[in-house]
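Engineer: Have a look at this one before I ask anything.
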């Protein structure tokens, strides 16, 4: 997993509450293997019309934001389906950070497994940042995960993130490597648990 | 003596292998369900040249992509056929039991787990599907995970988690006739919002919850995720034990007695603290339908579509405009006048035998004014419904009696609602495009979908139940 420390890039406001993972990646693209890349499918039905033409008014299609690597979203960003491919789509498109007042729990977990930063800010801070970007769409935004700050046009605001996810992103760690040092604990738990909860294993089917 | 603990605290403690200084805990996973969509996780295993740690604790079910209309012998679409085959290959390679397309136990994973006695009280259950919260209805800690977490569970039978906050939602009193678990779920989501329970583990409690059947409890816990909670749990009781007893994979003999003793302790202690409490009165809940593009856009059937012009909050007004535009609705329209194009009865939310009975009770001797599909929650539910003659009622009403799978809830098996068509649906998400590009979904209970079928518009089911056994 790629580390995330500090990023300066254009940021695209997507001021939509409850932007769910069905929007981020419509279900019909779930068959696509990760290796094929999912960036073109990101927000497909919001970015393109039914005939496959770009919707010119959709923020990510507007010239200053086409190369955005940061999204400033609304409340409950990434709610809904657990599809990790929604994170793949954002990442493959080039997005490395989503700033929002809140995130779907499963989405935020998936993001941290894939090097995508989910930065939580207050509602009014998200609104203020969106206003700044509406005024000057090409203003660069700097997100610093060490400092937990977002800087845009000289204004600095703080964001929060689960400290474990922060450490994971800063170091590019993944869970499997972390768990390897716990193999003896797992084995001990398993033995004790078999005695404690013998009924917890599936019976031979009848 | 231990401090009073919530049911959730007890479930968590029983599975904690280790806890780090930063609060992250390593949890033991008792049951893991995989489906066609889990292929990304198996790819991760392959990339690491890793094996499945506990193949006996993972079970595969073909549900997301399987055909639900017509023959299942041959899948025309090669991409969909490949998805089903990949699950067969991956489970076979790792020695995982699969309830595949031809297996009589096949069905939607969240219907099959409880039905087969794999889902039990006191277990920690995960699956790469957000509606895994369903299994909490039996008193299990069950939640949806992403592909990387699925891969981690396959490799280690464990998962790193931070303990969520605890939210109790209490529902006291009696539900009015014609009001179902789905109405409770939608009432809760309308009240607390689609992110109202984010970061929380819900416990559903109160006399109205205890009075629910197992099917109703499964519906209620299923919808936890639509309020933002990864899990919802109900304390196991006689209803639970009666449901579990004798199921194929459930404990039997001495193990049953040991299980029953352990399960009987799975309740929130008096005086245990929750981080948050919400209370609702059961008698206040009326049959509910959704009008917008989030499950929180839910109103009693006698209500009207909101009017953005009357909304003081600008952001909210903008949301209403966009939702109404997508749904093709005029502000202020009475819900009970909205004509529908089709119906769908199915999904992990509302396709169990009791759901089909509730819909059939309304449809019996009547004809649907619109086309529709009924997809039973599992192949076992299908057989039982046919034994009870429910399939005839649906067919005689002009509806299609299909096979079991996720079907038109998520639309990835090819069964979709055509663009701009309006569907009364027993499913869980009315998101834009969920049932197909530009599809317009109204969520409601099975009986309410049946009422919509009979009248051709969103309708209050209660008058249609007069003189009938619901």
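Engineer: Calculate the mean, over all residues of peptide A:15-28, of how many other protein chain Cβ atoms lie within 10 angstrom of the residue's Cβ.
Structural biologist: What the average comes to for A:15-28 is 6.
Engineer: Turning to a different aspect of this structure: What average number of partner chain Cβ atoms lie no more than 10 Å from the Cβ of the residues making up A:82-93?
Structural biologist: Other-chain Cβ atoms within 10 Å of each residue's Cβ, averaged: 4.
Engineer: What shape does segment B:71-180 have by the C-alpha gyration tensor, where a ≥ b ≥ c are the square roots of the eigenvalues, rounded means a/c under 1.5, and otherwise prolate means a/b greater than b/c and oblate the rest?
Structural biologist: Oblate, because a/c is 1.5 or more while a/b does not exceed b/c.
Engineer: Sort B:289-297, A:135-143 for me by packing, meaning the mean count of neighbouring Cβ atoms within 10 Å per residue, highest on top.
Structural biologist: B:289-297, A:135-143
Engineer: Could you order peptides A:153-163, A:5-15 by the average number of other Cβ atoms within 10 Å of their residues, highest first?
Structural biologist: Top of the packing list down: A:5-15, A:153-163.
Engineer: Using a Gaussian network for chain A with springs between C-alpha atoms less than 10 Å apart, which of these wobbles most: A:24, A:194, A:46?
Structural biologist: Highest fluctuation of the listed residues: A:194.
Engineer: For segment B:48-83 and segment A:1-76, what is the centre-to-centre distance using only Cα atoms, to the nearest Å?
Structural biologist: One Cα centre to the other: 29 Å.
Engineer: I'd like to compare B:215-227, B:194-206, B:127-139: which one has the highest average count of other Cβ atoms within 10 Å, and what's the full order after that?
Structural biologist: B:127-139, B:215-227, B:194-206
Engineer: Using the alpha-carbon centroid of each, what span in Å lies between segment A:140-182 and segment B:315-379?
Structural biologist: Spelled out, the Cα-based centre of one part sits 43 Å from the other.
Engineer: What shape does segment A:6-173 have by the C-alpha gyration tensor, where a ≥ b ≥ c are the square roots of the eigenvalues, rounded means a/c under 1.5, and otherwise prolate means a/b greater than b/c and oblate the rest?
Structural biologist: Note, shape of segment A:6-173 comes out oblate.
Engineer: Moving to a separate point now. Take every DSSP beta bridge with both residues inside segment B:7-276 and express the antiparallel ones as a percent of the total, to the nearest 5.
Structural biologist: 25
Engineer: Rank the residues A:48, B:274 as a footprinting-exposure proxy: fewest other Cβ atoms within 10 Å of their Cβ go first.
Structural biologist: The fewest-first ordering by Cβ neighbours comes to A:48, B:274.
Engineer: Taking the DSSP beta bridges in the protein assembly as shown as the whole, what percent of them are antiparallel, to the nearest 5?
Structural biologist: Expressed as a percentage, antiparallel bridges in the protein assembly as shown total about 35.
Engineer: Averaged across the residues of B:409-416, what count of C-beta atoms belonging to other chains lies within 10 Å of each residue's C-beta?
Structural biologist: If you average over the peptide's residues, the count of other-chain Cβ atoms is 2.
Engineer: Still on this structure, please answer the following. Got the relative contact order for segment B:385-456 handy, in percent, Cα pairs under 8 Å and 6 or more residues apart?
Structural biologist: 22 percent.
Engineer: Is the shape of the protein assembly as shown best called rounded, prolate or oblate, per the rule: a/c under 1.5 gives rounded, else a/b larger than b/c gives prolate, else oblate, with a ≥ b ≥ c the square roots of the Cα gyration tensor eigenvalues?
Structural biologist: Because its axes are fairly even, with a/c under 1.5, the protein assembly as shown counts as rounded.
Engineer: Any chance you could list P(r) for chain B, counting all Cα-Cα pairs in 20 angstrom bins from zero, rounded to whole %?
Structural biologist: Spelled out bin by bin, chain B gives 25, 58, 16, 0 percent.
Engineer: Roughly what % of DSSP beta bridges within segment A:6-173 run antiparallel, to the nearest 5?
Structural biologist: Antiparallel: roughly 55 percent of the beta bridges in segment A:6-173.
Engineer: On to the next question. For a Förster distance of 41 Å, can you work out the FRET efficiency between the beta-carbons of residue B:367 and residue B:102, rounded to the nearest 0.05?
Structural biologist: According to the calculation, E is roughly 0.75.
Engineer: Can you compute the modelled spin-label distance between residue B:334 and residue B:388, with each label point 7 Å from Cα toward Cβ, in nm?
Structural biologist: 3.3
Taken together, the values in this text are just the output of simple stated rules run on the coordinates, not laboratory data. Model, not experiment: these values are computed from the prediction. Ideal geometry is used to build each Cβ from the backbone, glycine not excepted, and the neighbour counts take in all protein chains shown.
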